[in-house]
Amino acid sequence: MRPAGGGRIATTTGLSVLPETGIRRADLCLMGEDAETVVGYRRTMTWAGERAGQLQALARRDPLAADTLLACALAGAAFVSLAATYDELPATDPAFSHGFTFAVVASMLAITLPLAWRRRYPFSVALVVLGGFLVARIAVHVPEANVTLLAAWLMIYSVAVHGDRRRRTPVLALIYVVIVAELVRELFFVNPVTGGPPLARCFTLFYNMVELALPWLLGAAIWSWRDRQHKLADQTLELQTEREENARQAVFAERVRIARELHDVVAHHVSVIGVQAGGARRMLERQPARAAEALSSIETSSRQAVVELHRLLGFLRRADDVDDLAPQPGLAQIGVLMAEVGQGDLVVDLKIEGQAKVLSPTLEVSAYRVIQEALTNTRKHSMAKTASVRIYYGATELAVEVLDDGPGRIEERTGSQVSHGLIGMRERAALHGGHLRAGPRSGGGFSVHASFPLNSDAA
């Protein structure tokens, strides 16, 4: 390449540049040095981004440790700023002779170090930092005004974000008024001459007021955003719960409809079988051929009824039912139920009275389910510590009773879905012609008493 002056630029770094080119040796660089500079810049930015990500992860994982590091950094910066301020002060200034005395160091630490607990105890930290700020300004006359204002800024922001909703606004207003009052005292009463003209002092006061209002506004905005996020999350959970409940209600309604169909099918086929069986009995000796036809029709109807039962009952099977041949629980398994319920804080006592009798399976299942539902309600919806189960085998009835000592039921105050369990227990008792009584006890607690007559279900 030839420059305008006709000379040549050396292609190696060991040669000088012709003077007529007007280009200095320092202005030249080897090929690739610009690229190395860009790569180095990118590496630096990548390293800074990684460190920032690590600090953010630390703040989320352990906020107290992150705030402690921040408070220590502010304390160190405050002392560095104070030392620089002392270097700039003239020897005749009264603040020059203070130095790092005990009062100065204590006041600076009181302003910065409590910020380590700004999330956990925002109001207490605000009280300590504000007190240290006033002591440093009024009593100790600390000339540092950079890091201390930054600490006050962070304190106001912490109260706005982490403070209790009811006390946050009054506390912030009090802090704001106190700090502004101190600024007015310094600008217009303590140093009216060194503060400059009145207009300049008014502008300084206005600037500091705006600066102190910014963390308040920022913290309030962040608190509102977080509160809105929590409300949206709660609404999402409520909508999901409502959707699942609607789905369960739809399934329940469909199963009720299918149960009615099942009743109609069984009733129809059984009625036909009964009529045809009666006709076959009367024609068996006189007209054997017609009796055989009736018996054949009975066989067809029974097979058709079985097919319909399999189809409908298979549809009614729940998705989470275990497809095994395990028998339904009865009163013989009541000890296992007591052991399961007694694994928590609830202590359960079992008492069996009377001579045990052989009961029909449906009656045993119903009695077992009543006890199970009553103990489940006691464990989930009361604060009972003890419960007692009593099973009484009488001459004409079977009685079960579940008592607890809980101070109150949640459903009594909120009207929760526990009433569905009581309805189910009452229906099980009514299925066998029995009765169920449930309600609060006079001495405290809750009682469930069910009676099943034995004449209708005795084996």
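Tell me yes or no: at least one residue of segment 186-202 is exposed (fewer than 15 other Cβ atoms within 10 Å of the Cβ), of a type in the set (D, E), part of a helix (DSSP H, G or I) and assigned by TED's automatic domain parsing to the domain that holds R118. No, segment 186-202 contains no residue that is exposed (fewer than 15 other Cβ atoms within 10 Å of the Cβ), of a type in the set (D, E), part of a helix (DSSP H, G or I) and assigned by TED's automatic domain parsing to the domain that holds R118. Contact annotation: residue pairs with Cβ atoms under 6 Å, 6 or more positions apart or on different chains, pairing a residue in segment 100-118 that is within 16 Å of E144 (Cα to Cα) and touching a residue at least 12 places away in the same chain (Cβ under 8 Å) with a partner that is of a type in the set (S, T, N, Q) and in a helix (DSSP H, G or I), are I111/T148. Does R168 satisfy being under 32 Å from the mean Cα position of the chain (by Cα), surrounded by 16 or more Cβ atoms within 10 Å (Cβ to Cβ), modelled with pLDDT under 90 and closer than 30 Å to W223 by Cβ? Judged against the criteria, R168 is a match. Look at segment 286-299: where a residue is assigned by TED's automatic domain parsing to the domain that holds Q276 and without any contact (Cβ under 8 Å) to a residue 40 or more places away in the chain and a partner is surrounded by 14 or more Cβ atoms within 10 Å (Cβ to Cβ) and polar (S, T, N, Q), sitting 6+ places away or on another chain with Cβ atoms under 8 Å, you get A294/Q276; L295/Q276; S297/Q276; I298/Q276. Return yes or no: is A430 hydrophobic (A, V, I, L, M, F, W, C), out of contact with any strand residue (DSSP E or B) (no Cβ under 7 Å at 6 or more places or on another chain) and either at pLDDT below 80 or in a helix (DSSP H, G or I) (or both)? Answer is yes for this residue.
I'd like to check something: does segment 307-317 contain any residue that is modelled with pLDDT of 70 or more, among the β-branched types (V, I, T) and farther than 20 Å from T376 by Cα? Checked segment 307-317: no residue is modelled with pLDDT of 70 or more, among the β-branched types (V, I, T) and farther than 20 Å from T376 by Cα.
Kindly indicate whether E211 is touching a residue at least 24 places away in the same chain (Cβ under 8 Å), of a type in the set (D, E), assigned to a helix (DSSP H, G or I) and more than 19 Å from A77 (Cβ to Cβ). Judged against the criteria, E211 is not a match.
Considering the conditions (1) under 27 Å from T101 (Cβ atoms); (2) within 33 Å of the chain's Cα centre (by Cα), A160 is excluded by exactly one of them, (1).
Scanning segment 288-299 for residues that are surrounded by fewer than 14 Cβ atoms within 10 Å (Cβ to Cβ) and among the β-branched types (V, I, T) returns no hits. So which residues in segment 343-385 are surrounded by fewer than 20 Cβ atoms within 10 Å (Cβ to Cβ), part of a helix (DSSP H, G or I), in contact with an Asp or Glu (Cβ under 7 Å, 6 or more places away or on another chain) and not hydroxyl-bearing (S, T, Y), if there are any at all? Result: no residue meets the conditions.
Every test in (1) at pLDDT below 85; (2) within 25 Å of Y392 (Cα to Cα) is passed by V347 save one, and that test is (1).
Screening F133 on (1) under 27 Å from the mean Cα position of the chain (by Cα); (2) in the same structural domain as L82 (by TED's automatic domain parsing); (3) not hydroxyl-bearing (S, T, Y) shows it passes everything except condition (1).
The number of residues in segment 113-141 that are under 27 Å from F189 (Cβ atoms), buried (at least 23 other Cβ atoms within 10 Å of the Cβ) and β-branched (V, I, T) comes to 1. Take the conditions assigned by TED's automatic domain parsing to the domain that holds H432, surrounded by fewer than 20 Cβ atoms within 10 Å (Cβ to Cβ), free of Cβ contacts under 8 Å to residues at least 40 places away in the same chain and touching a helix residue (DSSP H, G or I) at 6+ places or on another chain (Cβ under 9 Å) and apply them to L337. Does it pass? Yes; evaluated as a whole, the condition is true for this residue.
G196 fulfils the conditions (1) touching a Gly at 6+ places or on another chain (Cβ under 8 Å); (2) on the phi > 0 side of the Ramachandran plot except for a single criterion, (1).
Yes/no per residue for (1) modelled with pLDDT of 70 or more; (2) in a helix (DSSP H, G or I):
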residue	(1), (2)
L55	no, yes
R60	yes, yes
G76	yes, yes
L109	yes, yes
P114	yes, yes
R120	yes, no
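The values are calculated or read from the model by the stated rules, or taken from the named source; none is laboratory data. Everything numeric in this text was worked out from a predicted model, so none of it was measured. So basically every Cβ, Gly included, is an ideal-geometry build from the backbone, and we count neighbours across all protein chains shown.
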